[in-house]
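The structure under discussion appears below in the form of structure tokens.
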Amino acid sequence: MISVPETTVDTPVIRIRNLHKSYGQLEVLKGVDMTAPRGHVVSLIGSSGSGKSTLLRCCNLLEDSQDGEIEFEGEAVRWRGQGLNRHPADRAQVTRMRTNLSMVFQQFNLWSHMTILQNVMEAPVTVLKRDPAEVEQTARAYLAKVGIADKADAWPAQLSGGQQQRAAIARALCMEPRALLFDEPTSALDPELEQEVVKVIKALAEEGRTMILVTHDMKLAADVSDHVVFLHRGKIEEQGPPANLFGNPQTERLRGFLSATS
Ligand code: ADP
Ligand code: MG
């Protein structure tokens with residue numbers, strides 16, 4: 001018999017069970033289950049205010065939650081306290097999860113006082129304490145990958161929105177994370193700039209990166225996802241392969257949502 005180690009290729013990068021999250025009296029997530037298997041793209045869709053960003057931020061512990069389990073590569077988040085007083089217990093675990101689950105935000109969030117190259121190098125050098133010369137090589141390679149190698153020495157303000165978002169994707173990639181978490185990466189962009197970012201996201205999906213993608217772009221979700229989750233008021237209303245969700249929605253709510261967004 002071959003003994004199989006605890007963490008195998010089948011261990012999901014992220015697994016969430018029965019997650020509850022409130023802001024004071026407002027319960028935003030009401031028992032959500034979600035799994036991001038390695039090499040898969042999971043898309044989160046739903047109306048504004050349904051809890052998509054909150055769920056994404058709970059995944060990498062940018063937010064606390066009040067109940068439920070979160071696992072990163074088979075390792076359960078250890079909590080202390082209960083309910084509104086529940087917080088992750090272990091700083092090292094929080095750091096490991098935040099650095100391994102890199103976020104890309106709607107508003108890019110580049111540091112305006114740093115060049116594009118400095119933006120991409122910052123976290124690997126300061127947080128992961130990697131050798132700057134090596135990081136620079138990696139950073140330049142990722143800038144080339146997203147098609148803006150020539151912008152390394154430019155300032156964020158000198159770039160178009162599409163270029164800034166591609167720089168933010170290069171910055172996330174330079175952490176060499178186990179998964180990428182995208183929160184409406186194309187929402188702030190004009191339609192013609194949106195496509196250059198869509199192209200990058202599709203290329204990342206094709207090379208088998210694990211991703212959770214919050215998007216309002218149903219065509220993108222249909223094209224890149226292995227699994228789509230439709231969130232409605234903090235609960236999963238419907239989920240499944242994109243062909244099912246978009247081609248044959250089962251619930252009135254999803255049908256209504258899709259006809260409103262098309
Ligand atoms: P979505 O990303 O699907 O639009 P969000 O996760 O941003 O939804 O928000 C879900 C709900 O939680 C909304 O009602 C929103 O107003 C509320 N909310 C989000 N962030 C906070 C916060 N930091 N404090 C209080 N309420 C919040
Ligand atoms: Mg949001």
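Summary of computed values
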| item | result |
| --- | --- |
| Lone qualifier among Thr95, Thr35 - being closer than 17 Å to Pro177 by Cβ and surrounded by fewer than 18 Cβ atoms within 10 Å (Cβ to Cβ) | Thr95 |
| Residues satisfying the stated conditions in the stretch 32-54, i.e. out of contact with any Ser or Thr (no Cβ under 8 Å at 6 or more places or on another chain) and either more than 15 Å from ligand 1 (Cβ to nearest atom) or under 22 Å from Val198 (Cβ atoms) (or both) | Asp33, Thr35, Gly46, Ser47, Ser48, Lys52, Ser53 |
| Residues (outside any helix (DSSP H, G or I), under 20 Å from Ser53 (Cα atoms) and out of contact with any strand residue (DSSP E or B) (no Cβ under 8 Å at 6 or more places or on another chain)) located in the stretch 207-262 | Asp217, His232 |
| Conditions (1) closer than 25 Å to Pro12 by Cβ; (2) touching a residue at least 12 places away in the same chain (Cβ under 8 Å); (3) in a helix (DSSP H, G or I); (4) not basic (Lys, Arg); number of the one not met by Glu196 | (1) |
| Residues within the stretch 26-50 that are of a type in the set (A, V, I, L, M, F, W, C), within 16 Å of ligand 2 (Cβ to nearest atom) and in contact with a helix residue (DSSP H, G or I) (Cβ under 8 Å, 6 or more places away or on another chain), tallied | 6 |
| Residue satisfying all of: in the stretch 85-108; of a type in the set (A, V, I, L, M, F, W, C) and part of a loop (DSSP other than H, G, I, E, B); nearest to ligand 2 (Cβ to nearest atom) among these | Phe105 |
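Yes/no matrix, rows are residues, columns are (1) within 16 Å of ligand 2 (Cβ to nearest atom); (2) without any contact (Cβ under 8 Å) to a residue 60 or more places away in the chain; (3) basic (Lys, Arg):
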site	(1), (2), (3)
Lys52	yes, no, yes
Cys58	yes, yes, no
Leu61	no, yes, no
Gln66	no, yes, no
Arg80	no, yes, yes
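Read-outs: derived from the displayed coordinates by stated rules, not from any lab. Predicted model only: the values in this text are computed from it and were never measured. As a convention, Cβ positions derive from the backbone with ideal geometry for all residues, glycine included, and neighbour counts pool all protein chains shown.
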